[in-house]
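The values are calculated or read from the model by the stated rules, or taken from the named source; none is laboratory data. Note that the coordinates shown come from a computational prediction; the quantities given were computed from them, not determined experimentally. No Cβ is skipped: glycine too gets one built from the backbone with ideal geometry, and neighbour counts run over all protein chains shown.
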Amino acid sequence: MDHEASDLRHFIDAVERLGALRRIDGADPAIEIGGITEVAAGLPECPALLFDNIKGHQKGFRILTNTTVSAQRAAVALGIDPALRPLDALAAWKQRRGTLRMHPPERVGSAPFLANSAQGNAVDLGIFPAPVWHPGDGGPYIGSGSIVVMRDPDTGWQNAAIYRVQVHGRNRMTVQFDHAGRHGAGIAQKYWAKGEAAPVAVLCGPAPALFVAGFEYLPEGVSEYDFAGAILDRPLPVVSGPLTGLDLAASTEFVLEGRLLPIEQESLPEGPFGEFTGYYAAEARPGPVMVVDAIHWRDDPILLGSPPMKPPRFHFGLPLRAASIWSELERCGVSDVIGAWQHVAQLMTVVAIRQRYAGHARRAAMIAGAQTYMGRLVVVVDEDVDPSNLADVMWAITTRCEPSEQVDIVRNGWSSALDPRLLPEDRARGQTSNSKMLIDACKPFAELDRYPRVSALTLAQARAIEDRWMHAIRPR
């Protein structure tokens, strides 16, 4: 497969050819870049933004935001046809996701980011623009779409995941793992238990395939590098870090190498930071300190910024975890699943089915509900409803769901410490669960033959009209 987004620069070129890139000069990294990003993400066309001539920084040191927040650009990152309708693009990814072949990374001799380097006292993180993304954030964050690389000292497995990284000065940063169960936290603890600092590298401006892999829930021992190679359908080139010896993706724009100190030895106040729920999940708290011992950068480096924003804005325009739920439903034997989608930044899951028997919708709802991280709402709709269209889903809820008969509540479901609804005392003792509302918004199975006929075009009819006439309807 010829993948258009083998690195961030190829991705930018592909997005520009689609007419979906806007260039912005002179913005201030203190709140303004984040504000422009959020406003643009709320527009119907939702463009990608490339910032240059950033206030206080050298021309050419750039930031790309809203990278994959549209379905079209998420498809480009995944190597899928960006002309596909959103639900069709997700179906294409679901099919590819089920047949991906892992490609271990390929070691190469050099990388563009080694064109410029500084070590020791010459390290100055201030040369790179790091935005204060939200008005209430505790400081600038260079890591919102950056990859944190660490190696397990026992097995040699390398984890390359996305964690938030806050800048605290010339050579100090904090890395926030969210909770102790994250793979990076487990690796760090192994070093700290021996009184050692953990070697760490932060990859800023990764290839979109690695950015996607960094968000995946991969099992322990499985490398995000291998998964990125699967997306690209070829090995991801890596070089050995000059200081840490860690594998560093060669296509990265710039790299920060150093040591993550035991938190008992040194900590700095991390946060607060606006999360994907649209709230601040916690106030500042002690975070482990990364001492940056070396920096390496390409000429005119680009930071990939992907700050969490108030829903419906989200990192990806295609709900990749909905594809996993769709596959899980089929693995569990739920037949005739037409599609799945997630709204409100994955907090609401919708499944469309073609009803075959009484209880079909409830069965789908219960399985989907068990797989929804933090989400409180699961909706099941008939096959004539597009699960990716929230207005269509709400129409089904308001015309087909009888609340007294078709709504169930499941308690103690899968949630997170980021859940703004948790009571502070529950969060403090790690009780991170919530209830989930399962809404059957399908026509009653016993009434399928007698339910009032729909007056609108069927989905197939509407698509035929779109294919023939959308060029005349769409604004120029």
Residue check for GLY258: buried (at least 24 other Cβ atoms within 10 Å of the Cβ) and at pLDDT 95 or above: yes
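Can you report the number of residues in the stretch 431-447 which are hydrophobic (A, V, I, L, M, F, W, C) and out of contact with any strand residue (DSSP E or B) (no Cβ under 9 Å at 6 or more places or on another chain)? Explain how you work it out, then say what you get.
Step one: list which residues in the stretch 431-447 are hydrophobic (A, V, I, L, M, F, W, C), which gives 437-439, 441-442, 445-446.
Those still in the list that are out of contact with any strand residue (DSSP E or B) (no Cβ under 9 Å at 6 or more places or on another chain) too: 445-446.
Total meeting the criteria: 2.
Scan the stretch 445-456 and give yes if some residue there is outside the structural domain of GLY271 (by TED's automatic domain parsing) and touching an Asp or Glu at 6+ places or on another chain (Cβ under 6 Å), otherwise no.
If we filter the stretch 445-456 for residues that are outside the structural domain of GLY271 (by TED's automatic domain parsing), which is where we start, we get 445-456.
From the residues that got through so far, the ones that are touching an Asp or Glu at 6+ places or on another chain (Cβ under 6 Å) too are none.
No, that holds for no residue.
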(Q) Tell me whether the stretch 285-297 contains one or more residues that are part of a loop (DSSP other than H, G, I, E, B) and either in contact (Cβ under 8 Å) with a residue 24 or more places away in the chain or closer than 30 Å to ASN53 by Cβ (or both). (A) no
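What do you reckon, is ASN53 without any contact (Cβ under 8 Å) to a residue 60 or more places away in the chain and on the phi > 0 side of the Ramachandran plot? Step through it out loud before you land on a result.
On the way: without any contact (Cβ under 8 Å) to a residue 60 or more places away in the chain: yes; on the phi > 0 side of the Ramachandran plot: yes.
The answer is yes for ASN53.
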Please work out if VAL123 is under 25 Å from ALA198 (Cβ atoms), touching a helix residue (DSSP H, G or I) at 6+ places or on another chain (Cβ under 9 Å) and either crowded, with 18+ Cβ neighbours inside 10 Å or not acidic (Asp, Glu) (or both).
no
From the option list ALA209, ALA249, single residue qualifying as in contact (Cβ under 8 Å) with a residue 12 or more places away in the chain and in contact with a strand residue (DSSP E or B) (Cβ under 8 Å, 6 or more places away or on another chain) is ALA249
By residue number, the members of the stretch 422-455 that are assigned to a strand (DSSP E or B) and among the polar types (S, T, N, Q) are SER433, ASN434, SER435
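Yes or no, residue by residue, for (1) among the polar types (S, T, N, Q); (2) farther than 28 Å from THR37 by Cα:
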{"site": "ALA228", "(1), (2)": "no, no"}
{"site": "THR244", "(1), (2)": "yes, yes"}
{"site": "ALA282", "(1), (2)": "no, no"}
{"site": "ALA294", "(1), (2)": "no, yes"}
{"site": "TRP297", "(1), (2)": "no, no"}
{"site": "ARG313", "(1), (2)": "no, no"}
Across (1) without any contact (Cβ under 8 Å) to a residue 40 or more places away in the chain; (2) under 17 Å from PHE273 (Cβ atoms); (3) hydrophobic (A, V, I, L, M, F, W, C), ALA193 clears everything bar (2)
Checked against (1) at pLDDT 95 or above; (2) assigned to a loop (DSSP other than H, G, I, E, B), GLN346 satisfies every condition except (1)
* Would you call ARG362 among the charged types (D, E, K, R) and either more than 26 Å from THR99 (Cα to Cα) or in the same structural domain as ALA20 (by TED's automatic domain parsing) (or both)? -> yes
Checklist entry - Out of curiosity, is ASP467 over 20 Å from LEU87 (Cα atoms) and acidic (Asp, Glu)? => result no
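Of these, ASP419, ASP408, ASP426, ASP392, which one is among the acidic types (Asp, Glu), surrounded by fewer than 19 Cβ atoms within 10 Å (Cβ to Cβ) and closer than 30 Å to GLN72 by Cα?
Exactly one of ASP419, ASP408, ASP426, ASP392 is among the acidic types (Asp, Glu), surrounded by fewer than 19 Cβ atoms within 10 Å (Cβ to Cβ) and closer than 30 Å to GLN72 by Cα, namely ASP392.
Go through the stretch 398-421 and give me each residue that's among the charged types (D, E, K, R), assigned to a loop (DSSP other than H, G, I, E, B) and modelled with pLDDT of 95 or more. Outline the logic, then answer.
Filtering the stretch 398-421 for residues among the charged types (D, E, K, R) gives 400, 402, 405, 408, 411, 419, 421.
Among the residues that remain, those that are also assigned to a loop (DSSP other than H, G, I, E, B) are: 402, 419, 421.
GLU402, the sole residue that qualifies.
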Subset of the stretch 27-77, residues assigned to a helix (DSSP H, G or I) and within 18 Å of ASP13 (Cβ to Cβ), comes to GLN72, ARG73, ALA74, ALA75, VAL76, ALA77
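Does GLY317 meet the test of being closer than 30 Å to HIS10 by Cα and surrounded by fewer than 24 Cβ atoms within 10 Å (Cβ to Cβ)? Give the derivation first.
Numbers: closer than 30 Å to HIS10 by Cα: yes; surrounded by fewer than 24 Cβ atoms within 10 Å (Cβ to Cβ): yes.
When the stated conditions are applied, GLY317 passes them.
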Residue set GLY430, GLY413, GLY359; condition over 20 Å from GLN346 (Cβ atoms) and under 29 Å from the mean Cα position of the chain (by Cα); output residue GLY430
Screening THR244, THR277, THR252 for residues that are part of a loop (DSSP other than H, G, I, E, B), in the same structural domain as ALA74 (by TED's automatic domain parsing), within 20 Å of the chain's Cα centre (by Cα) and surrounded by fewer than 22 Cβ atoms within 10 Å (Cβ to Cβ) leaves only THR277
So, first residue assigned by TED's automatic domain parsing to the domain that holds TRP414 in the stretch 372-388, second residue hydroxyl-bearing (Ser, Thr, Tyr) and part of a loop (DSSP other than H, G, I, E, B), Cβ within less than 6 Å, six or more apart or across chains; the pairs are MET374/SER415; MET374/SER416
When the stretch 78-113 is checked residue by residue, the ones that are buried (at least 18 other Cβ atoms within 10 Å of the Cβ), touching a residue at least 60 places away in the same chain (Cβ under 8 Å), over 17 Å from the mean Cα position of the chain (by Cα) and in a helix (DSSP H, G or I) are LEU87, ALA91, PRO112, PHE113
